[in-house]
Structures are given as C-alpha cells and as structure tokens.
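A short worksheet on the structure shown next.
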Amino acid sequence: SQVHKAAIKLIKSRTLEQLLETITVDLVSLFDVDVVRLAVESERANEFESAYGEQNYSGIVFIEPGIVDYALGAKKNVLLVADIAKRAPIGFDQIFVDCSGLIQSCALLRLELELVNKHVILAFGVRYPDRFHPGQGIELLHFLAQIVGHQLDQYLHQLDM
C-alpha cells in the first residue's frame, strides 16, 4: 500500500518542483526511511557542491558518469543492500554524500530517463541494517522506479534539459 500511495502522489504532481518535493520529502515519511536521494550522473559532477544539513539529508546529488551501471550492474534495475558495513555498493559515498556514515542499509533503483538521456538512481537509505535485503521482492520497487523515471523524464524534457 505504501508504493500505491507513493504512485498516486507522484502522478498527481503538476510541476517539476512538486515532483521533487514528493520524492525528497513525502517518500521519506511514506516509506519510513531516513534519506531519499536522486543521484544524477553528470560529466560535471565534481563541480557541484552537495551540502546537506542534519535536519534533511534528502535531495539531489550529482555523481560521476558510469556510477549507475557500476552500482547496479548493466542489466539490473534494483539493488538491495542489507548491511553497508559488509558490502557497500560502488558509488555509495557519492550517492549518500554527507550522510554515508548514517546509512546502514539501502535500496538503489535505476530510473530510465530516455527523453533527456540521463542516468539516475533513486536511493533510499536507513540507519538500521537489514531494512533492505536481497531476499525481498523487488517488483513494486521497480514499478515505483518506472513511475518516478517517467514523471521526471517528462518534466525535464519539457524544460529542454
């Protein structure tokens, strides 16, 4: 039911700003996670400063090109990590910059942005190990990623990004 509620909120977003607020604020409470990040690959990732305060670690971060495929694998759309201390995904420190010490378990979802040709990860992080684990079903998370990717792609395409 959490994914269904999130899907409705995402679909009802009427602007890019509303969509980003839904992703970075509403999904935190809907899924009871500590951090939601949109990690966007950019050739200029190292030129952007990411600074998050302790009140809110969620938001957008720019990562180096190739990190999406390195982190998830070329054909995988969802990666669930039970314990970061045992196996942090490639790019973890870039995706969760300023809060990587807080995150103990995470879910990484590939977003398909075909119209604007961007590679993006939707990342959920929690401060407790085993919140996400490889034995969990991923169908609904993949469905959520498809909705977020579609909506984000449409709004960015309208802005000619």
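The values are calculated or read from the model by the stated rules, or taken from the named source; none is laboratory data. What you see is a predicted model, and the numbers here were worked out from it, not measured in a lab. With ideal geometry, Cβ positions are generated from the backbone for all residues, glycine too; neighbour counts draw on all protein chains shown. Calculation scope for accessible area: heavy atoms of the full protein, side chains included, ligands and nucleic acids excluded. Shrake-Rupley method; radii C 1.70, N 1.55, O 1.52, S 1.80 Å.
One table, with the values for the structure above:
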quantity: Enumeration of residues in the stretch 70-88 that are open to solvent by 90 Å² or more (accessible area, probe 1.4 Å) and part of a helix (DSSP H, G or I); calculated: Tyr70
quantity: Val97, sole failed condition from (1) closer than 19 Å to Val25 by Cα; (2) hydrophobic (A, V, I, L, M, F, W, C); (3) out of contact with any Lys or Arg (no Cβ under 9 Å at 6 or more places or on another chain); calculated: (3)
quantity: Which listed residue is polar (S, T, N, Q) and more than 19 Å from Ala6 (Cβ to Cβ), from Gln136, Gln94; calculated: Gln94
quantity: Which numbered condition Gly125 misses (of (1) in a strand (DSSP E or B); (2) open to solvent by 20 Å² or more (accessible area, probe 1.4 Å)); calculated: (2)
quantity: Test: residue in the stretch 143-156 that is open to solvent by 50 Å² or more (accessible area, probe 1.4 Å), among the aromatic types (Phe, Trp, Tyr) and in a helix (DSSP H, G or I); calculated: yes
quantity: Enumeration of residues in the stretch 70-114 that are in contact with a strand residue (DSSP E or B) (Cβ under 7 Å, 6 or more places away or on another chain), charged (D, E, K, R) and over 12 Å from Gly125 (Cα atoms); calculated: Arg87, Arg110
quantity: Evaluation of Leu111 against (1) surrounded by 20 or more Cβ atoms within 10 Å (Cβ to Cβ); (2) part of a loop (DSSP other than H, G, I, E, B) (one fails), failing number; calculated: (2)
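Every residue, every condition in (1) aliphatic (A, V, I, L, M); (2) more than 14 Å from the chain's Cα centre (by Cα); (3) modelled with pLDDT under 90, yes or no:
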| residue | (1), (2), (3) |
| --- | --- |
| Tyr70 | no, yes, no |
| Val81 | yes, no, no |
| Ala85 | yes, yes, no |
| Asp98 | no, yes, yes |
| Gln104 | no, yes, no |
| Ala107 | yes, no, no |
